[in-house]
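Below is one structure; the comments refer to it alone.
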Amino acid sequence: MRKRVSLADYLANETQVNHVTAELVKLTLTIADACVDIAALVRHGELADVLGASGQQNVQGEDQKKLDIISNDVFIEKTQASGALAGIASEELDHHHPIPDTHQRGSYLVTVDPLDGSSNIDVNGATGTIFSVLPWASDAAPRDEDFLQAGNRQVLAGYCLYSSATMLVLTFGHGVAGFTLDIETGDFLLSHEAMKVPAETTEFAINAAYAAHWYPPVQRYIDECVSGAAGPRETDFNMRWAGSMVGDVHRILCRGGVFLYPADARMEKSGRAGKLRLMYEASPMAWLMEQAGGLAHTGASEIMAVQPTSLHQRVPVFLGSSDEVQRLIDYHNA
Ligand code: AHG
Ligand code: MN
Ligand code: MN
């Protein structure tokens, strides 16, 4: 096998060339470590007795799977010991988790979706962990409100994909790098350098089961795609839906595409502006997409510019190849 750059060597170079702090490098390695542990649990599946429902719900009223809770516990236990964090906010916790006094407090905050795509767990489909790191320039313990920073304040964003291979994909704001886990050694090795999303694509991703509830801009966009070569786009399109944002975003980073999880009439009736959560799904994926040359928008503004008002806030998400996201923005402004 050819000699590849390890995650640790890549990070050492980031420190030298792009001035990523030693503390942030430590945090990145600790997050990677947590993801290796979660990957092992996912990989053992039924044999590790981690499949199925937990019988509990999270603050958003969603049924938690056993593996949602276990991944959350693994992520917190590992990363709180890094010495680089002042607090952890998670999809699975109502409020942020403070760093206990037994551990050193650091100058960063992390928000995390410990296991994305939970509905895929029991069918052995793709899942992932999504994380976003924000600065915390104070010695005091942070409050929930202190996490409410817009995506353009992020200092590190990434995900780990648990699929046929385990992959860590991250950005510090100098492009996007992908690492594949060598399961023999437990090391992440650089396998996807400077990932780029082509501006043009003929592949879209949306849960079309909600079509009856879509608003006109999304309805128009999808109608035009599915009418193919005979329609106004004069092009045949393809469609994919992984049921896991990590799976869909990873495919788009690899070969282009556009991902849509819009707000719709049914959701808004129950007071929800979309499904995906700004702070640990939309924002980190938006930064990765923009760093790879794509776009990420809510239809009203750039995702990275949205000022969060609560930890579990939801936003509409349109992201991926820039020509198609721009078209969706134009349809929203028409
Ligand atoms: P989670 O499992 O963390 O709650 O996230 C699931 C999200 C996201 O991964 C995916 O894109 C979307 O839900 C799928 O939603 P539908 O089931 O409505 O298609
Ligand atoms: Mn998720
Ligand atoms: Mn989740």
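The values are calculated or read from the model by the stated rules, or taken from the named source; none is laboratory data. All values derive from a computational prediction rather than experimental measurement. As a convention, Cβ positions derive from the backbone with ideal geometry for all residues, glycine included, and neighbour counts pool all protein chains shown.
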Original post:
So which pairs qualify, if the first residue must be in the range 199-221 and closer than 11 Å to residue 266 by Cβ and assigned by TED's automatic domain parsing to the domain that holds residue 255, the second must be of a type in the set (D, E, K, R) and surrounded by 16 or more Cβ atoms within 10 Å (Cβ to Cβ), the Cβ gap must be under 6 Å, and the two must be at least 6 apart or on different chains?
Top reply: 210/264; 213/264; 214/264
**OP:** Would you be able to tell me the number of residues in the range 115-127 that are on the phi < 0 side of the Ramachandran plot, near ligand 1 (Cβ under 8 Å from one of its atoms) and not in a helix (DSSP H, G or I)?
**Re:** 3
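If I ask for residues that are part of a loop (DSSP other than H, G, I, E, B), touching a residue at least 12 places away in the same chain (Cβ under 8 Å) and more than 16 Å from ligand 1 (Cβ to nearest atom), which ones from the range 224-244 would you list?
235, 236, 237
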Subject >> Residues located in the range 232-250, provided they are within 16 Å of ligand 2 (Cβ to nearest atom), under 21 Å from residue 209 (Cα atoms) and not acidic (Asp, Glu) >> reply: 241, 242, 243, 244, 245, 246, 247, 249
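Rundown of residues vs (1) free of Cβ contacts under 8 Å to residues at least 60 places away in the same chain; (2) more than 15 Å from ligand 2 (Cβ to nearest atom); (3) of a type in the set (Val, Ile, Thr), yes/no style:
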site	(1), (2), (3)
78	yes, yes, no
83	no, yes, no
86	yes, yes, no
109	yes, yes, no
115	no, no, no
118	yes, no, no
